[in-house]
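> The structure under discussion is supplied below as structure tokens; questions concerning it will follow.
Read-outs throughout are calculated quantities, based only on the coordinates presented, and are distinct from any laboratory measurement. On a predicted model such as this, the values are computed, not experimentally measured, just so you know. Please note: Cβ atoms are built from the backbone with ideal geometry, for glycine as well, and neighbour counts cover all protein chains shown.
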Amino acid sequence: MNLDIVDLTIEQKELLYLISRLTDHLNCSDTWIKETPLQALMFYAIRKGMFNDYDYAPISSSFLGQGRKFVNISKEGEDDLGDLRELGLLETIRLSSTKHDYITGYRPTIESRKQLSQFTNEIKSSVDSLFVCPDCNDPTFELVIDVGKSSFLMKCKSCSHSEGIPLIEPEDVSYSTKAYFFKTLGKHKTTQEDNK
């Protein structure tokens, strides 16, 4: 496959760079990012204004070995993960836990290095901004997982500022509805014809 001609969307570039940053794939080729923490960061990024074409919705999913919970997942993000994998830019590993849950991990392929080197500073700084503390502007804002409380948060190593990521808290969304009836459901005249 010739990866020189791969044209990625902005969201696919941001996602690939995010995974690259999390796995430090240039220095450590044995590091993978697990699917659930990646989903938490994607959800966090969407709420921070990144991944403009992504949306999220609560979906029943296996969660941190604690059974099924409603997790805010981006289907567009999952689709892009699949696309990046099909393009040969991501590889996955699937493991089984002691509780018989499956865990999927992601990391960039060696072939993705050329693609990543062509990303603009705008793409990289957009992703890097997720890891900058909003209080002290230190780039040590990291994802912290508390499995016992089923919670994710971003926490600064320098000033201890933290922001919760409500990954398993469905949002109340206001909406309005309007009744719509198809014309075929309404009363209409019928004509009867004689067959003579």
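> All other residues with a Cβ under 13 Å from the Cβ of I145 taken together, and with Lys, Arg as +1 and Asp, Glu as -1, what is their net charge?
Here the count lands on 0.
> Could you tally the net charge around Y54, taking each other residue with its Cβ under 9 Å from the Cβ of Y54, Lys/Arg +1 and Asp/Glu -1?
-4
> Hey, another quick one. Residue by residue through region 109-124, what is 3J(HN,Hα) from phi via Karplus (6.51 cos²θ - 1.76 cosθ + 1.60, θ = phi - 60°)? Round to whole Hz and write x for glycine and proline.
Along region 109-124, the couplings run 7, 4, 5, 6, 4, 5, 5, 4, 5, 8, 5, 6, 5, 5, 5, 5 Hz.
> List the residues whose amide H sits under 5 Å from the amide H of V71, counting only those 5 or more places along or on another chain, with H placed 1.01 Å from N in the peptide plane.
I59, S60, S61
> Provide the per-residue ³J(HN,Hα) series for region 102-107, in order, calculated from phi with Karplus coefficients 6.51, -1.76, 1.60 and θ = phi - 60°, each as a whole number of Hz, with x at glycine and proline positions.
9, 10, 10, x, 10, 7
> Subtract the Cα-Cα distance of K75 and I110 from 0.36 nm times their separation in residues, and report this length gain in nm to one decimal.
In short, 10.0 nm is gained.
> Direction-averaged shadow area of the convex hull around the Cα atoms of region 3-129, nm²?
Hull-based average projected area comes out at 7.8 nm².
> Right, another one. Would you please give the residues with an amide H less than 5 Å from that of L90, counting only those at least 5 places away or on a separate chain, with H modeled from the backbone geometry?
Here R85, T109 satisfy the definition.
> ³J(HN,Hα) across region 52-63 via Karplus (A = 6.51, B = -1.76, C = 1.60, θ = phi - 60°), whole Hz, x for Gly/Pro?
Coupling constants for region 52-63: 4, 8, 9, 9, 9, 8, x, 10, 5, 8, 5, 9 Hz.
> If packing is taken as the average count of other Cβ atoms within 10 Å, what order do 40-49, 84-93, 111-120 fall into, highest mean first?
By packing density, highest mean first, the sequence is 40-49, 84-93, 111-120.
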